[in-house]
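**Student:** Quick one: the structure is below, questions incoming.
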Amino acid sequence: MMVSFRRLCLMAGLLLSTPLLAASPSYQPIVDSLVPLAPSLNPKVLTHAVAAMQCAVNNGANPAQRLAVIDFSLPSSERRLWIFDLQQRRLLLEDYVAHGKKSGENLATRFSNVLGSHQSSIGLFRTAESYSGKHGYSLRMDGLEPGVNDLARERAIVIHPADYVNPTWIVTQGRIGRSQGCPAVRPEVARMVVDSLKGGQFMFSWYPDQDWLQSSAYLNCEPARVAGILAARQG
């Protein structure tokens with residue numbers, strides 16, 4: 001009896017230490033339908049992404065048709081970008097994505113919201129308009145997390161094609177090339193990525209940063225904070 005009680009206590013502790021697992025399960029059917037589509041995507045990361053998105057939608061954000069997930073805990077030498085069609089429950093893409101040159105070499109370990117840092121940002125983003133710029137056909141986006149990624153537009157953090165997102169580099173350099181903070185993608189898939197994500201979709205960039213895990217209004221789903229953040233952005 002004592003062993004069973006201890007096991008129950010340990011299970012309860014694990015659940016409470018993971019913010020999203022203790023949150024409302026309303027997002028779980030979405031997670032369950034997407035997990036089999038991307039077996040190489042950590043289910044925990046996908047759960048965080050869907051729950052953060054659903055928290056935003058439940059508190060004032062418009063629903064999206066697609067969700068992009070980046071797992072920056074994986075090396076750049078692995079495919080760590082996934083794009084899901086939420087309406088048809090399909091995986092649209094699994095591919096490479098760059099991180100900022102000041103975030104790390106093959107592994108990204110440092111993230112920033114500061115102009116000129118040349119580091120990637122983590123957290124929940126909302127995609128915006130497509131445009132043709134110096135990198136070609138690209139996509140602007142807005143960070144939804146104050147102090148974490150909300151300066152993405154000012155920093156010109158965009159999705160764009162880049163020749164250095166090249167798997168052949170992995171053989172000689174041990175990684176793909178790095179950006180100035182943008183989640184750059186291979187030119188071969190860039191148009192598809194931009195077209196599938198433009199116009200108000202969600203993007204979630206993951207890294208197990210303890211400060212962010214504990215303070216994020218979306219990861220912990222704090223309705224008052226989330227509603228205030230979304231209202232301020234729309235205003």
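The values are calculated or read from the model by the stated rules, or taken from the named source; none is laboratory data. Computed from a predicted structure; not experimentally measured. Neighbour counts are summed over all protein chains in view; Cβ atoms, including those assigned to glycine, are modelled from backbone coordinates with ideal geometry. Each accessible area value is taken on the protein alone, full model and side chains, heavy atoms only, with ligands, DNA and RNA left out. Shrake-Rupley method; radii C 1.70, N 1.55, O 1.52, S 1.80 Å.
**Student:** State which residue is most open to solvent (accessible area, probe 1.4 Å) when the search covers only the stretch 200-217 and only residues that are in a loop (DSSP other than H, G, I, E, B) and in contact with an Asp or Glu (Cβ under 9 Å, 6 or more places away or on another chain).
**Tutor:** Step one: filter the stretch 200-217 for residues in a loop (DSSP other than H, G, I, E, B), giving 200-201, 207-209, 216-217.
Narrowing the set further to residues that are in contact with an Asp or Glu (Cβ under 9 Å, 6 or more places away or on another chain) leaves 207, 216-217.
Details: Tyr207: 47, Ser216: 3, Ala217: 3 Å².
It comes out as Tyr207.
**Student:** Out of all the residues in the stretch 197-208, which are on the phi < 0 side of the Ramachandran plot and more than 13 Å from the chain's Cα centre (by Cα)?
**Tutor:** First, pick out the residues of the stretch 197-208 that are on the phi < 0 side of the Ramachandran plot: 197-198, 201-208.
The answer is Lys198, and nothing else.
Every residue, every condition in (1) touching a Ser or Thr at 6+ places or on another chain (Cβ under 7 Å); (2) acidic (Asp, Glu); (3) open to solvent by 20 Å² or more (accessible area, probe 1.4 Å); (4) touching a residue at least 60 places away in the same chain (Cβ under 8 Å), yes or no:
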site: His99; (1), (2), (3), (4): yes, no, no, yes
site: Leu144; (1), (2), (3), (4): no, no, no, yes
site: Ala162; (1), (2), (3), (4): yes, no, no, yes
site: Thr168; (1), (2), (3), (4): no, no, yes, no
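**Student:** With the checklist (1) within 20 Å of Val148 (Cβ to Cβ); (2) open to solvent by less than 10 Å² (accessible area, probe 1.4 Å); (3) not β-branched (Val, Ile, Thr) in hand, flag the one item Leu115 doesn't pass.
**Tutor:** If we test Leu115 against (1) within 20 Å of Val148 (Cβ to Cβ); (2) open to solvent by less than 10 Å² (accessible area, probe 1.4 Å); (3) not β-branched (Val, Ile, Thr), just (2) comes out false.
**Student:** Further question on the same structure: What are the residues in the stretch 53-84 that are among the acidic types (Asp, Glu) and open to solvent by 10 Å² or more (accessible area, probe 1.4 Å), if any?
**Tutor:** Of everything in the stretch 53-84, just one residue is among the acidic types (Asp, Glu) and open to solvent by 10 Å² or more (accessible area, probe 1.4 Å), namely Glu78.
**Student:** Still on this structure, please answer the following. Name the residues in the stretch 136-167 that are within 24 Å of Glu188 (Cα to Cα), touching a strand residue (DSSP E or B) at 6+ places or on another chain (Cβ under 6 Å) and of a type outside the set (Val, Ile, Thr), would you?
**Tutor:** Within the stretch 136-167, the subset within 24 Å of Glu188 (Cα to Cα) is 136-141, 156-167.
Filter once more, keeping what is touching a strand residue (DSSP E or B) at 6+ places or on another chain (Cβ under 6 Å): 136, 138-141, 158-161, 165.
Selection gives Gly136, Ser138, Leu139, Arg140, Met141, His160, Pro161.
**Student:** If I ask for residues that are over 17 Å from Ile176 (Cβ atoms) and open to solvent by less than 20 Å² (accessible area, probe 1.4 Å), which ones from the stretch 118-127 would you list?
**Tutor:** Ser121, Ile122, Gly123, Leu124, Phe125, Thr127
**Student:** Residue check: is Asn220 farther than 20 Å from Ala64 by Cα, within 17 Å of the chain's Cα centre (by Cα), outside any helix (DSSP H, G or I) and not aromatic (Phe, Trp, Tyr)? Working first, answer last.
**Tutor:** Working: farther than 20 Å from Ala64 by Cα: yes; within 17 Å of the chain's Cα centre (by Cα): yes; outside any helix (DSSP H, G or I): yes; not aromatic (Phe, Trp, Tyr): yes.
Taking the combined requirement at face value, the residue satisfies it.
**Student:** Among the residues of the stretch 10-50, what is the count of those that are open to solvent by less than 60 Å² (accessible area, probe 1.4 Å), outside any helix (DSSP H, G or I) and at pLDDT 95 or above?
**Tutor:** Qualifying residue count, the stretch 10-50: 2.
**Student:** Being open to solvent by 20 Å² or more (accessible area, probe 1.4 Å), within 16 Å of Pro75 (Cα to Cα) and more than 18 Å from the chain's Cα centre (by Cα) narrows it down to one of Glu105, Glu154, so name that one. Steps first, answer last, please.
**Tutor:** Values: Glu154 fails: within 16 Å of Pro75 (Cα to Cα).
Testing whether each residue is open to solvent by 20 Å² or more (accessible area, probe 1.4 Å), within 16 Å of Pro75 (Cα to Cα) and more than 18 Å from the chain's Cα centre (by Cα) leaves just Glu105.
**Student:** Sticking with this structure for a sec: Among residues belonging to the stretch 171-199 that are open to solvent by 20 Å² or more (accessible area, probe 1.4 Å) and part of a loop (DSSP other than H, G, I, E, B), point out the one that is nearest to Val69 (Cα to Cα).
**Tutor:** Lys198
**Student:** Mind checking which residues of the stretch 123-151 are under 15 Å from the mean Cα position of the chain (by Cα) and among the hydroxyl-bearing types (Ser, Thr, Tyr)?
**Tutor:** Thr127 - this is the single residue of the stretch 123-151 that is under 15 Å from the mean Cα position of the chain (by Cα) and among the hydroxyl-bearing types (Ser, Thr, Tyr).
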